[in-house]
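**Student:** The following block contains the structure, expressed as structure tokens.
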Amino acid sequence: MLIAGLLIAVAAYLLGSVPTGYLLIRLFRHQDIRSFGSGNIGATNVLRSGGKGLGAVTFLLDVVKGSTAVALGILLAHVLLPNGPVRDMEALAALFAVIGHMFPVWLGFHGGKGVATGFGVFLVAAPWAALAAISVFALLFAITRYVSLASIVAAACFPVFAWYFARGDRPLFFIAVQAAVALLIIAKHHQNIRRLFAGTESRIGAKKTA
């Protein structure tokens, strides 16, 4: 089981670590997204750099790579551990896909904040909870125009939704991963949290002052 778990973790990490925002900006604008705004490679910074379409594509691809990583983890678990803890291996893939996005080996372990990839992994692993969390994100963003605040609150709500919508067994490791991913996403927003408290966080759609 150890070897199978290691293979699943490595495969999920490598998929999650594909820096989609970085690659899209390099390919279509011949620039380094890390030189813009927050320096983050995620969809929000791509959007703020002026690439509205590229921001949407970045978000979509980050969701897809997260979902694919978990689907691959499930497939490998069934092949390598036909009678093993598939649910735990699914959780392992989810965790390492998000870690891969946040700390990609290709960019010196400096990646994104994991919101879209986190949504993607749990869209497969805990779909109703993921949809509930993204609904909280959409509602809060529509009211405040703060992507960071919406992301933090949605991440904090996700483990509660996951517990509420869970059916059947609730493996301890799977529950721990849900909480860990939520905490990682919130921790990655530490600079945003400071700016929110200071009143200096920027809103999407806000006009820049001259």
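**Student:** Dimensions of segment 2-198 along principal axes (Cα, Å, largest first)?
**Tutor:** Principal extents (Cα only, largest first): 49, 34, 25 Å.
**Student:** Within segment 149-210, which trypsin sites (Lys or Arg not before Pro) sit in a loop by DSSP and count at most 16 neighbouring Cβ atoms inside 10 Å?
**Tutor:** In loop regions of segment 149-210 (DSSP not H, G, I, E or B), the sparsely surrounded trypsin sites (Lys or Arg not before Pro) are Arg167, Arg203, Lys207, Lys208.
**Student:** Could you go through segment 196-201 in sequence order and give the Karplus-derived ³J(HN,Hα) for each residue, using 6.51 cos²θ - 1.76 cosθ + 1.60 with θ = phi - 60°, rounded to whole Hz, and x for Gly and Pro?
**Tutor:** 4, 5, 7, x, 10, 5
**Student:** State to the nearest 20 debye the size of the charge dipole of segment 2-198 about its Cα centre, where the only charges are +1 on K and R beta carbons and -1 on D and E beta carbons.
**Tutor:** Using only the charged Cβ atoms, the result is roughly 620 debye.
**Student:** Within the set of other residues whose C-beta is less than 13 Å from the C-beta of Leu196, count the net charge using Lys and Arg as +1 and Asp and Glu as -1.
**Tutor:** +3
**Student:** Still on this model: Pick from Tyr22, Tyr13, Tyr164: which is most flexible by mean-square fluctuation in a GNM of the chain where alpha carbon atoms under 10 Å apart are linked?
**Tutor:** Among Tyr22, Tyr13, Tyr164, the largest mean-square fluctuation in the Gaussian network model of the chain belongs to Tyr164.
**Student:** Counting helices only, and only those DSSP H runs with n ≥ 4, report the 222 nm mean residue ellipticity of the chain as the sum of -39,500 (n - 2.57) divided by its residues, in deg cm²/dmol to the nearest 500.
**Tutor:** Dividing the helical sum by the residues of the chain leaves -23500 deg cm²/dmol.
**Student:** How far is helix 86-102 tilted, in degrees, relative to the longest principal axis of the Cα atoms in the chain, given as a value from 0 to 90 rounded to the nearest 10?
**Tutor:** For helix 86-102, the angle is close to 30 degrees.
**Student:** Separate question: How large are Rg and Dmax for segment 52-113 when calculated on the C-alpha trace, in angstrom?
**Tutor:** 13.7, 46
**Student:** What is the angle, in °, between the Cα long axis of helix 115-125 and the longest principal axis of the Cα atoms in the chain? Nearest 10 is fine, range 0 to 90.
**Tutor:** Relative to the chain, helix 115-125 is tipped by roughly 30 degrees.
**Student:** A further question follows. In terms of Cα to Cα distance under 13 Å, which aspartates and glutamates are near enough to Lys113, apart from those fewer than 8 places away along the same chain?
**Tutor:** By straight Cα distance, Lys113 reaches Asp62.
Just so you know, all these numbers are worked out from the coordinates, no wet-lab data involved. As the structure is a prediction and not an experimental result, all values here were calculated from the model. In this analysis, Cβ positions are derived from the backbone assuming ideal geometry, glycine residues included, and neighbour counts consider all displayed protein chains.
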